[in-house]
Amino acid sequence: MDLEETKIYKGYQSFMEPFLPESKLGAEPRQVTLSEILDAYDAFCFDGYGTLYNRGDFVYPGAMEWFQSLRAAGKHLRLVTNAASNTDEFLAADAGARGFDFTAEETISSGSLLADLSRGEPVGVFDFVGLSGQKRGSVEGLKIGEPLERSVREVYYIGRDTGVNVLAQAGMAAAENPADPVVAVSSYTSTEEMFRHAVEILCRPGGLLLVLNPDAWAPKIDGSRSAVSGTLAERLRVASGCRTCYLGKPFPAIWEKVRRSLPKGSRVLMIGDTIGTDVYGAKIAGFDAALVVGRNVHEESLAADEAALGVRPDYYLVPG
């Protein structure tokens, strides 16, 4: 992992350490094919970008075979994604265009949590004092599962144009100078001018940063990686010292939404490409996790990345 990426994901972990056991490396994960563990689980959750597909119509080798075999076996499937670029209905259709026929009901995105938050549901993870200001074991300055204490109708939005649909679903609109000092981030599309303007807004009294997609880095089709929404959000948070609300993986609310969507007592496996969000998040939920190596985590850095974050998946999933 990049050093900045490691710091961000360790910061996420620090939010939840007062409420969860300290992360410890488990046993060496087994390398498995999906057929080897098919009968061990009732429900399979997939990350989207970097796990099943990437930009355009690109589908990773073996991904369609995984999906089709699970459909044929009658397993419960969920697309659990930090994509906040559009509504769950659109994200399901977008996956369907690639051949992954998730329904809207099977799709659970971090962006969908914004509407829950705007309705007063306690889904956000709020950081009041900043990552470096917290002491291990202390809940001072930290609230998990707190609702917004004020109605937000306008935000300064940084992300894809289609993200306004996510805002609209939450009763919010994008504005150059919002009435409330609120900035929402769903991708790394900021120019220097946009960054400065966002910081100026966040430095106002009551400034609030809504992180709709906490992913720090993401893989490209050619195997390279780039900084994404979570990295931009961290830079905004550091530059402004603002209060920040995080939605999506690895934080608890999205996993509770997944759990509520499945039959009670389901044995669940999360399949993803990122240790800091997919694997650690699954562990928070009490789910097992399978990591697809070579996408967001390259084999040569795997051991170091696991050691840095203190967490391992249960399996390394390979095609076959």
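Examine the range 142-152 for a residue that is at pLDDT 95 or above and not hydrophobic (A, V, I, L, M, F, W, C), and state whether such a residue exists. No: the range 142-152 contains no residue that is at pLDDT 95 or above and not hydrophobic (A, V, I, L, M, F, W, C). For the range 244-260, the condition holds for no residue, the condition being that it is loosely packed, with under 15 Cβ neighbours inside 10 Å and in contact with a Lys or Arg (Cβ under 8 Å, 6 or more places away or on another chain). Yes or no: Ser266 touching a His at 6+ places or on another chain (Cβ under 8 Å), of a type in the set (Gly, Ala, Ser) and in contact (Cβ under 8 Å) with a residue 60 or more places away in the chain? Against the criterion (touching a His at 6+ places or on another chain (Cβ under 8 Å), of a type in the set (Gly, Ala, Ser) and in contact (Cβ under 8 Å) with a residue 60 or more places away in the chain), Ser266 qualifies. Under the condition of being among the hydrophobic types (A, V, I, L, M, F, W, C) and loosely packed, with under 15 Cβ neighbours inside 10 Å, the residues counted in the range 60-88 number 2.
Mind checking which residues of the range 279-294 are of a type in the set (Gly, Ala, Ser) and either surrounded by 24 or more Cβ atoms within 10 Å (Cβ to Cβ) or outside the structural domain of Ser266 (by TED's automatic domain parsing) (or both)?
Scanning the range 279-294 gives Gly281, Ala282, Ala289, Ala290.
Screening the range 152-179 for residues that are assigned to a loop (DSSP other than H, G, I, E, B) and buried (at least 19 other Cβ atoms within 10 Å of the Cβ) and picking the one that is farthest from the chain's Cα centre (by Cα) gives Pro178. Only a single item in (1) modelled with pLDDT under 95; (2) of a type outside the set (D, E, K, R); (3) under 27 Å from Gly223 (Cα atoms) is not met by Gly48, and it is number (1).
Report yes if some residue within the range 13-22 is within 29 Å of Val238 (Cβ to Cβ) and without any contact (Cβ under 8 Å) to a residue 40 or more places away in the chain; otherwise report no.
Of all residues in the range 13-22, those within 29 Å of Val238 (Cβ to Cβ) come to 13-22.
Now narrow it down to the ones that are without any contact (Cβ under 8 Å) to a residue 40 or more places away in the chain: 21.
Yes, there is a match, as at least one residue in the range 13-22 is within 29 Å of Val238 (Cβ to Cβ) and without any contact (Cβ under 8 Å) to a residue 40 or more places away in the chain.
The set of residues in the range 200-222 that are in contact (Cβ under 8 Å) with a residue 24 or more places away in the chain and either surrounded by fewer than 18 Cβ atoms within 10 Å (Cβ to Cβ) or within 12 Å of Ile158 (Cα to Cα) (or both) comprises Cys203, Pro205, Gly206, Leu209, Leu210, Val211, Leu212, Asn213, Lys220, Ile221. Does Gly74 satisfy being more than 18 Å from Thr277 (Cβ to Cβ), of a type outside the set (S, T, N, Q), assigned to a loop (DSSP other than H, G, I, E, B) and modelled with pLDDT of 95 or more? Answer is yes for this residue.
The values are calculated or read from the model by the stated rules, or taken from the named source; none is laboratory data. Keep in mind that what you see is a predicted model, and the values were worked out from it rather than measured. Using ideal geometry, Cβ is built from the backbone for each residue, glycine included, and neighbour counts are taken over all protein chains shown.
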